[in-house]
Structures are given as structure tokens and as C-alpha cells.
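Below is one structure; the comments refer to it alone.
The values are calculated or read from the model by the stated rules, or taken from the named source; none is laboratory data. Bear in mind that the values here come from a model prediction, so they are computed numbers and not experimental data. So basically every Cβ, Gly included, is an ideal-geometry build from the backbone, and we count neighbours across all protein chains shown. Heavy atoms of the whole protein, side chains included, go into the accessibility calculation; ligands, DNA and RNA do not. Shrake-Rupley method; radii C 1.70, N 1.55, O 1.52, S 1.80 Å.
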Amino acid sequence: MNDALDVAVRLVIVFGLFLVLPLVVGQTEHKVMAHMQGRLGPMYAGGFHGWAQLVADGVKFAQKEDVVPKDADRRVFQLAPAVALLPYLLVLLAIPIGPGEGAVGQVIDAGIFFVLAVMGVGVLGSLMAGWASANKFSLLGGLRTAAQLLAYELPMLLAAASVAMAAGTVSLPGILNAFEWWWLPWQIVGAIVFFVAGLAELQRPPFDMPVADSEIIFGAYTEYTGLRFALFLLAEYAGIVVLCGLTTVLFLGGWHGPFGGDGLGWVWTLLKTAVLAFVVIWLRVTYPRLREDQLQKLAWTTLVPLALAQIALTGIVKVAIQ
Amino acid sequence: MILAAQAAAEAPGFLSPSGVEIAFLLVGLVTLGAAVVTVTTRQLVHAALWLVVALGGLAVEYLLLTAEFIAWVQVLIYVGSVVVLLLFGLMLTKAPIGRSPDADSGNRPVALGVALAAAVALVWVVVDAFRTTWIDLDGAVQGSTEVTGATLFKHWVLPFEALSVLLLAALVGAIVLSRKKEQAR
Amino acid sequence: MDPLLPPSRPGIPGSGLAKGLAVTLRTMMKKTVTAQYPDVQPELPPRTRGVIGLFEENCTVCMLCARECPDWCIYIDSHKETVPPAAPGGRERSRNVLDRFAIDFSLCMYCGICIEVCPFDALFWSPEFEYAETDIHELTHERDKLREWMWTVPEPPALDPKAEEPKEIAAARKAAEKAAEKAAAEKAAAEAAAQAGLEAQEEQQ
């Protein structure tokens, strides 16, 4: 009974974080993007600086009619948002926020494989949506999504493999237990490759070719309305949280910080994740969208060789210090 | 799945199966069903999506057999990459929504024969190999990454390397094919 | 390489990307330019063309504005009144009295010709701009409304440095200068006369 209660409490906490953190990131994006463009952003909803804007948006989405196009493949079309969103919830379960068993939803032995595998599944949602919408723009968006995923999955995996080699384990808490501060410069190339590839996998600008609004309206999500559309958006922001959390755990030392003992570990994790989320928004505001050929070129001719070089470096250093 | 049924049938605790065994059996049935739908449905993309269900079911079966590493690799490679590639190909061919009446070939009996032969061979080999082996769920984990890695690189290095040679051959073949095409232009 | 093009400096790879990041970060630190209009009124420049105000005391119902208006959006009604003679035994005068002065702001194109053309300074630009209505007919604003707007007309802006001074002031100044000259001349003459008287006395002594 106690075990069941423990599991239930963990699930509720993770679910709560899953609902709250993406909204926080979304609101931060509203505000940061606005100020980077000399604007104020939302100011009214909720009273104080528009803090409840996304809640209001959610209410609006919930009120909208749920439209399924006549020629669409109904079941696949309706299932797609869930397929896009749920994997991120599962991944969040495996990210350790602090040291010890108490600070992770579920310790998973092959943690890296779990998170990368499940994140890859999330993209299936976009593909299903793109195909089932019976819309050429959606189909193009789905194609671009697939092409992007195929290109960027490899560098992401290679970069993660480099950390796993360094730590000698594929478990996320295990990696953090083995972390030393000098891993930061040692794995920095891998970190950048991982982060950039993750951004591309999330289809965040500047890698938002699959939803390029000036060309294909909103890619795979063109036909979606109401709550299902909101779920896709939530998936994107949950993806940001997950990607930043993962980069923190794999490359930035998670709960390790220059000061403050293990008790404050979770603060460090959240802080690093928040900084990375800010960087995600910052990159979105700064850079224009990459063209499809530039996207593929970046993945195959820059990120993959860099990731391989990182793996070689990791191997050499690992052998040297043994 | 057939393996699951037989394993359960041969189990000493067949009349009082544990929760894990029941789950294993049910997931096996779902996987089998999804696999059958995959090859019988006339809707191309649906077939690919049912394949996702079948492969995911297999991953769950691996999990229930405590082979965590294999399970996640299964999801990563098959669901995350192979099926995405498959869908990519289907979308490029502009797979229609709805039934494709021409999505059938005369090879049906042959395919059935091959599938049955493969299934019989696999079931026979696996059942013969693990006839009375039981996984002790309470003991040391037998399918963790460490154990899998050690087994793979201590006892099965030769097949592993042979497999990678096969992949290399496929890679070289692909390059040769694509180069030939370019010259033809 | 084209000699006309500026030499491309190789630079550090990625420096352009860093520059872009710096630009956005700097903008984020700066003050925003958003106008929070309903909460904060905008600071409008002095010659804003918001709406037209009527100073009806100056209006003589000459109808120039109504005739010059390109889209005929000014409505003027008036009648004649007879004013008793100013001096006893004089002739009676007739005077135009304004009955109605309305501007249809659904037609007005804010060209300002009426204001330019008014010879008696009865029409003015007001920066007031919040007069939206829910019905297009209500956009025809009558004289009381136009008069209310008159009180929102700002003082005329200061002249440019070294500009020619306004005609009224120039005329007044000229008049004053003339008067001063005259006074000075008279004074000088008086003084001269006095001086002459003194000299005559000295000579006598």
C-alpha cells in the first residue's frame, strides 16, 4: 500500500510539473520575445503583467469547436495529438531533479536510451497529423518533420553516447553521480551538438522548417483546431522543458553546483534548465529560419562529424585517465 | 506471442499464473493482433501505424522479461527510426487516405508460407533453447544494460561483428547503387 | 575577386551569430516602445490633426469653409438678425446669426482646408481623437460638441528660431516703435527748445 501511495504521489508531482513548467516556459517566451523586440508582451490577463495569458489561451482553445476535415482519416487525425504529447510526459518521469531516489519520478536503468527512444516516438504524432489531415501543406509538413528527425536523431544519439562513455553508465542518475566539474569543458562540443539537434527535433526556430508558416501555413498542424491544437502546442513547450532538463542532466551536471550542498540540488537543476530554456527562446528571436537544404547540411556535415569527434575525444581521455 | 502462450502453457504455475504472466500473455495477444492487422489492412499508412503497435508491444514484452536495455533499443531503433523512415517513404509515394484496392499482390500464399516457416523455426529454436528456464524476478536483474553488454561482448562477439559486416555490406551496396544512377544520368 | 566590392574579412567563424545574439540581448535590456494607450494617453505632437473645434464667437457665417470643403461635410444654417443702430439716428445693421454648425466626420478627410480658409480664426485643429461612435450617423457632430473640442486646442507651438515674427506682433511692434519714435522726437524737440532757451539766457548774462 505504501508503495502504491509512493508511486501515486510521484506520478501526481510529475504530472503537475508537466502541466506547469511548459506554461512557465510559454509565458517566459511571450515576455522575453516581446522585450527582445522592444515590446511589452501580454499585460492584461490575470492582472499582473499578463501572467495568466496562457491559462486564458487554454480556456479559449477549450471553447473552440473541434473540427475534423471531411476527407481526413478520422481516427489517426484525432489520435495524433496524444501521440505527440504523451512521450514527453514519460520522459519527464525519468529525469532526476536532485540526488537520491526521492528526486526522480522513476529510476530507469537504461535511462538515456529510454528518453531518446520515447522522444523519438513523439515525432510520430506530427507524422500522423501530417498524413491524416488530407491537406497538401500538412503532408509537406509531415515529410519535412520526418526528414528532420532522421537527420538529427543521429547526432543527438552520438552526443548522448559520448556522455554515457564518459560516465560508464547509461542511467541518468548514474551519469550525474559520476559527474565532475571538468566534464563541462571536456563534453562541451557534445553538449552543443545535443542541444542543437534537440532543438531541431523539437522543430523550434531556427529549425522550424516543418511548420514554416510563410510556406506551408502550419505544417502538420494546419487542420487542427481547439483543444487538439493546444495539445500540440503544449507538446512543443513540454519538449523544451524535457530537452533543457536532459541537457542539464547529461552535460551541465544536473544537481551539482559550485555551492549549496545536496539539499539544494533541485534548485541547481531547475536553474540550469531555466537558463537553457531562456537560450532556446533567445535563439528563436535571434535567428531566421534555416532552409531545408541548410538544415540537412548542418546535420550531416557539421553535427555528425562534431559528435563523432567528441566521441573520439571522450574515448581518448577515458583511456588516458584509467 | 506464440512463444508466450507456449511458455505459459508449459509453466509449472499455469493454473495460478502471476500478474506478470497474465500481463505478458495479454500484451502478446495485442502484439499478435496488431501484427496480423499490419499485414492484412488495405490502408498503407494504417499498416505502418499498426506496425508501431506491434513493435511497441514487443518492447513491452522485453520489459516484462526484464530486458530493459533491449526494450528501449527496440523502441529507439524500430519505432523511432525505422517506422519514421517507412512513413517518410509512404508519404513520398502519396499514400492515399482510405483503402488502396491495389495494395495486394499474388504473392499472398508464398508470403504466408514463408511467414509460417519462419515462425515455426523461431518457435522451435526458442522453445528448445529456453525450455525450462524461468526468470527470477526477485533476484539479480538479468537484462540490465551491464549484463547485456557483458554477454554481448564476451560470449557473442563473433555474431555481433558478423552482423556489423552485414550492415557495412548493405551500406557499401547502397553507395554503389546511388553512384551508378548518377553516372547513368 | 571584384575590386569594387569591399574586401571580405574572414573574421572568427560564428562571430556573426554571436553578434545577432548580442543585438537581441541588448534590445531586451532597453526600454520598450509599446504605447499602453488606454491606460496611458499618448503624447501627441503639437500640430496633431485629431478633430476640428469651432470657436463660434469668431464665426461670421461667411460659408467659406462649407464651400471649400472637398467632400461637403460641413453643414451651416443661419438667419439674419437686425441690430439696432449703434448711435441714435443711425442706420440699422443686419447680422448673420449661426443656427447650426455641424461636421460629418464620417465624410471628413482631415485635409484641414476649412481651417486654412477661415478668415476669422473660428476653426482649429484639436488633438482630441477619441470620438468613435457605434453608428455612422452619430459621427455628424453638432456645434456644442465642436465647441467642447475647442477647449482642447493647445496653445500654438513656439515659432522656429530666427523665424519671421507673427504679423499681429509685427504690426503691434511697428505701431509701438512708431509711437516711441514720435515720443522720442517730441522729447528731443522739447529738450532742444529748452537748451536753446538756456543758451539765450547765458548769452544775455
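General remarks:
- Top-ranked residue of the stretch C:25-39 - restricted to ones that are in a loop (DSSP other than H, G, I, E, B) and open to solvent by 80 Å² or more (accessible area, probe 1.4 Å), ranked as nearest to the other protein chains (Cβ to nearest Cβ): C:Val33
- C:Ser126 open to solvent by less than 80 Å² (accessible area, probe 1.4 Å), under 17 Å from C:Glu142 (Cβ atoms) and without any contact (Cβ under 8 Å) to a residue 60 or more places away in the chain: no
- Checking B:Leu64, B:Leu15, B:Leu86, B:Leu29 one by one, the residue that is surrounded by fewer than 21 Cβ atoms within 10 Å (Cβ to Cβ), over 14 Å from the mean Cα position of the chain (by Cα) and modelled with pLDDT of 85 or more is B:Leu29 and no other.
- Those residues of the stretch C:96-108 which are open to solvent by 50 Å² or more (accessible area, probe 1.4 Å), outside any loop (DSSP other than H, G, I, E, B) and not polar (S, T, N, Q), in sequence order: C:Asp99, C:Arg100
- Residues being outside any loop (DSSP other than H, G, I, E, B) and at the interface with chain A (Cβ under 8 Å from one of its Cβ atoms) are represented in the stretch B:57-70 by at least one member.
- Residue in the stretch A:69-84 that is over 24 Å from A:Leu227 (Cβ atoms), at pLDDT 85 or above and aliphatic (A, V, I, L, M) present: no
- Scanning the stretch C:129-147 for residues that are free of Cβ contacts under 8 Å to residues at least 40 places away in the same chain and open to solvent by 50 Å² or more (accessible area, probe 1.4 Å) turns up C:Glu130, C:Ala132, C:Glu133, C:Thr134, C:Asp135, C:Ile136, C:His137, C:Glu138, C:Asp144, C:Lys145.
- Given (1) within 14 Å of another protein chain (Cβ to nearest Cβ); (2) within 30 Å of A:Ala178 (Cβ to Cβ); (3) more than 19 Å from the chain's Cα centre (by Cα), index of the condition A:Pro99 fails: (1)
- Consider the stretch B:40-51 and keep the residues that are free of Cβ contacts under 8 Å to residues at least 12 places away in the same chain and open to solvent by 30 Å² or more (accessible area, probe 1.4 Å). The one that is farthest from the other protein chains (Cβ to nearest Cβ) is B:Thr40.
- Residues located in the stretch A:185-234, provided they are of a type in the set (A, V, I, L, M) and in contact with a Phe, Trp or Tyr (Cβ under 6 Å, 6 or more places away or on another chain): A:Ala191, A:Ala197, A:Leu199, A:Ala200, A:Val211, A:Ile216, A:Ile217, A:Leu227, A:Ala230
- Test for A:Tyr287: is it within 28 Å of A:Phe61 (Cβ to Cβ), open to solvent by 10 Å² or more (accessible area, probe 1.4 Å) and among the hydroxyl-bearing types (Ser, Thr, Tyr): no
- The stretch B:71-81 - residue that is more than 7 Å from chain A (Cβ to nearest Cβ) and within 20 Å of A:Pro155 (Cα to Cα) and, of those, most open to solvent (accessible area, probe 1.4 Å): B:Tyr78
- Residues of the stretch A:1-52 that turn out to be part of a loop (DSSP other than H, G, I, E, B), under 24 Å from the mean Cα position of the chain (by Cα) and not small (Gly, Ala, Ser), as a count: 1
- Single match in A:Lys60, A:Lys70 (criterion: outside any helix (DSSP H, G or I) and either away from every other protein chain (no Cβ under 12 Å) or of a type outside the set (Gly, Ala, Ser) (or both)): A:Lys70
- Hey, A:Pro185 within 14 Å of chain B (Cβ to nearest Cβ) and either touching a strand residue (DSSP E or B) at 6+ places or on another chain (Cβ under 7 Å) or open to solvent by 20 Å² or more (accessible area, probe 1.4 Å) (or both) or not: no
- Qualifying positions in the stretch A:291-322 - open to solvent by less than 80 Å² (accessible area, probe 1.4 Å) and of a type in the set (Val, Ile, Thr): A:Thr302, A:Val304, A:Ile311, A:Thr314, A:Val317
- A:Ile13 meets all of the listed conditions (1) open to solvent by 70 Å² or more (accessible area, probe 1.4 Å); (2) under 25 Å from C:Gln36 (Cβ atoms); (3) among the β-branched types (Val, Ile, Thr) but one, namely (2).
- Residue match in the stretch C:83-95 (condition: of a type outside the set (Ser, Thr, Tyr) and touching a residue at least 40 places away in the same chain (Cβ under 8 Å)): no
- Test: residue in the stretch A:125-143 that is polar (S, T, N, Q), in contact with an Asp or Glu (Cβ under 9 Å, 6 or more places away or on another chain) and farther than 21 Å from A:Ala235 by Cα: yes
- The listed residue being open to solvent by less than 50 Å² (accessible area, probe 1.4 Å), assigned to a helix (DSSP H, G or I), farther than 30 Å from A:Lys64 by Cα and in contact (Cβ under 8 Å) with a residue 12 or more places away in the chain, out of A:Val249, A:Val241: A:Val249
- Residue count for the stretch A:115-152, restricted to those that are at the interface with another protein chain (Cβ under 7 Å from one of its Cβ atoms), surrounded by fewer than 24 Cβ atoms within 10 Å (Cβ to Cβ) and without any contact (Cβ under 8 Å) to a residue 24 or more places away in the chain: 3.
- Subset of the stretch A:27-47 [surrounded by fewer than 20 Cβ atoms within 10 Å (Cβ to Cβ) and more than 14 Å from chain C (Cβ to nearest Cβ)]: A:Ala45, A:Gly46
- The one condition in (1) in a helix (DSSP H, G or I); (2) within 23 Å of the chain's Cα centre (by Cα) that A:Ile108 fails to fulfil: (1)
- Any hit, the stretch C:74-94, residues being within 17 Å of C:Ala122 (Cα to Cα), acidic (Asp, Glu) and more than 23 Å from the chain's Cα centre (by Cα): yes
- Number of residues in the stretch A:207-238 that are among the small types (Gly, Ala, Ser) and open to solvent by 40 Å² or more (accessible area, probe 1.4 Å): the value is 1.
- Of all residues in the stretch C:68-95, those satisfying the criterion of being in a loop (DSSP other than H, G, I, E, B), open to solvent by 90 Å² or more (accessible area, probe 1.4 Å) and farther than 30 Å from C:Cys111 by Cα are C:Pro84, C:Ala86, C:Pro88, C:Arg91, C:Glu92.
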